[in-house]
Every structure is written in C-alpha cells, then in structure tokens.
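Student: The structure under discussion is supplied below as structure tokens; questions concerning it will follow.
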Amino acid sequence: MSSRSSRLQLKLSGDNARLGGLYASDIARLIDGVERAIRRAASQLVGRMPGAPGRLPKAAVNAARLRLTDIREGSVVLQFELPVAQAIAEPSEQESLDLDDSDLGESALRVVMDVLSGSQIGFTEAAAALSQLAEDLDIGERYDALAFFQLGGLPHKAVLDRPVRERLAAAVQRPNRHDDEGALVGILYEVDFEKSSARLRTPFGSSVAVYFGDDHAQAIKETLRESSRLQGRVTYNTTTSAVLSVDLTDITLTEQLMMPCVGEFWATKTLEELAKAQSVSAVESIEELRDDTISIEEADAFMAALEL
C-alpha cells in the first residue's frame, strides 16, 4: 500500500476574503465545515447508513484530520495534507462503494467534491454538511466562492458558489410528516426557557428538538433530566422516519420499574400466599382444568402420563 498523502487546497474569493478583512471565526467555520463533510462522506463509504444514531466510525473521524501546511495571501488560500493512506475497516453489508485498499480520506474528499460538482447525489449527509458550510460563510454574499483543489495523483477541482449553494439547499430539504397526537419518551436536557426549547434524548440515543409554551415551563423544570413522556405534534423525516421535533401539549414523568429487595426476591412463598398476591384462587380439583374438547379416555391417558 502506498504511503503517499494527498493535499487539499481551499481558495476563498471575494472582496472580504483577504488577510486583514477576513474574520477569524470564518476560517474556523471553513475548516470545521470541510472536515465535517469529509467525515460524513467517509462514514457512508465504510457502510454507515445516513441518519444512523450514535458516534461516527473511528476510521471516518481519522480520515478527516486535516493538517494545515500553508496559508497564502491575496484571496485567502489554505493548504492541507490529508492523512496518510491506511487500511479501511471492513465495511458493513450496506456499503456504498468497494474501496479495496484506497485511502479513505482521499476517497471521501473526492466524494465531497463530486457532491459539489453535482455528479454525486447519494451522499445526503455530506451534502447537508456542505450546505451548512455555505450558510455559515454566506457564500454568494459575504464571499463570492470557495474553490476546492485536490492535489496529488489526479488533480480535481470543484467550486462552492451561489448556484451550488442554492442547489445543495434544495437537495437536503426532505419532506416531513406530522403526527398531531404523537408521543415520545426520553430524558430532557439543554433547556432554554428564553427560547422555549429543549432537547430530548430518546432511548435509542437520538436527539429530538422540543418546543413548549409558557404554560409548560414549570413542568419542564420538574421533569428536567428525568425519564418523561411527551405528548404533542411530532414531526418525522419522511425519508428516514427519524423524529425531528415535538411541539409539546403534555408532559408527565414515566413510571420507574422498581426492583424488589434481595431478601424479598429469594423468599419462599406458599401456594396460598402466591395465589393471594395474584388475586386468584387455588384449583381444588384437577378436573377443573379439563378441556371439554377432549374425550374422557384422552383425559385419563393424560392424567396417567402425569402419574396423577
């Protein structure tokens, strides 16, 4: 396997894209947004389904660890080195591409650039990350464009400008459906009473936006970080069936399963005590259990087999 590494060059253009006029926070957003897009593309390349809950595969995270190697003046140019080619973890049954021994970081970067150019439409999470990057940098307004150059091997170029920003924004929009009487169970956290919003961590590990009115603020305080049942208008992503949000109409604490103490668990009870605890009466005669659909001979044979 080759130990070479590929390079990525990013060129931000426009009147504001010059040293002295460029916000440091925009540089941070740019780097974070590009790494996020590469991570999402790499995750799908190794078989992770879009929208799946939980952490991203470690291989995908490592594939997006860009190293800054150069900054040039003029229209700001940043140059990065991708991780050295490495073996890729065995993909799942839902793998999207057969990567063989190719470098995951380089392959993921190529996917990102293909998404930008419009030749790749199957990587929805990478498209969403690029769409968010365009929004964060306000491409087409604050900056004219962000150009991607993949150097080393076969050179590749793609540009994020206003038309691409609009195309990506339209591509990541997903039709939603609503359940006006839906219910969710989970633990509330990150409550913002000024914005009347919170997050709900579901038993499956996903995070759902929660919106509530002033009349539910006190109930939110009382159930914060407790297992709760939320009732209201639940919004789902039609494509993935993922829960997106709930507009709250009612909230209650869920009952906690109580474990008996150790002594009670191992205590021996009589038949009468067990019957009383279950609110049932003991059978006085085995004849009471007889099934009318069988003959007397069959019943006698059954009883004989049980030696009763």
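The values are calculated or read from the model by the stated rules, or taken from the named source; none is laboratory data. Every value quoted in this text rests on a predicted model; they were computed, and no experiment measured them. Neighbour counts are summed over all protein chains in view; Cβ atoms, including those assigned to glycine, are modelled from backbone coordinates with ideal geometry. Quick note on the areas: whole protein, heavy atoms, side chains included, nothing else; ligands and nucleic acids left out. Shrake-Rupley method; radii C 1.70, N 1.55, O 1.52, S 1.80 Å.
Student: For segment 6-56, report the accessible area per residue in Å² (1.4 Å probe, heavy atoms, rounded to an integer).
Tutor: 47 Å²
Student: When the Cα atoms of segment 31-72 are enclosed in a convex hull and the volume is divided per residue, what value in Å³ results?
Tutor: 73 Å³
Student: Taking all protein chains in place and a 1.4 Å probe, what share, in percent, of the accessible surface of segment 172-237 do carbon and sulfur account for?
Tutor: Here carbon and sulfur together make up 45 percent of the probe-accessible area.
Student: Which order do the peptides 224-230, 46-52, 214-220 take when ranked by the mean count of other beta-carbon atoms within 10 Å per residue, highest first?
Tutor: 46-52, 224-230, 214-220
Student: Would you rank L188, L271 by solvent-accessible area, highest first, keeping every protein chain in place and using a 1.4 Å probe?
Tutor: L271, L188
Student: Which order do the peptides 165-172, 202-209 take when ranked by the mean count of other beta-carbon atoms within 10 Å per residue, highest first?
Tutor: Per-residue mean Cβ counts within 10 Å order the peptides as 165-172, 202-209.
Student: Shifting gears a bit: Sorting S6, S197, S281 by accessible area (1.4 Å probe), largest first, what list results?
Tutor: Order by accessible area, largest first: S281, S197, S6.
Student: Could you provide, to the nearest whole Å², the per residue accessible area of segment 136-201 with probe 1.4 Å?
Tutor: Heavy-atom SASA per residue in segment 136-201 reads 57 Å².
Student: Using a 1.4 angstrom probe on the protein heavy atoms only, line up Y23, Y236, Y211, Y143 by accessible area, largest first.
Tutor: Y23, Y211, Y236, Y143
Student: Could you tell me which GluC sites (Glu not before Pro) in segment 124-161 are loop residues by DSSP with no more than 15 other beta carbons within 10 angstrom of their beta carbon?
Tutor: Here the GluC sites (Glu not before Pro) that fit, given the DSSP loop and packing criteria, are E141.
Student: For segment 178-213, which GluC sites (Glu not before Pro) are in a loop by DSSP, counting at most 15 other Cβ atoms within 10 Å?
Tutor: E194
Student: How about K221: which lysines have a C-alpha closer than 22 Å to its C-alpha, ignoring those fewer than 8 places off in the same chain?
Tutor: Partners within reach: K195.
Student: Here is a further query. Leaving out same-chain residues fewer than 8 places away, which lysines sit with a Cα under 29 Å from that of K58?
Tutor: In chain and number order, the partners are K11, K157.
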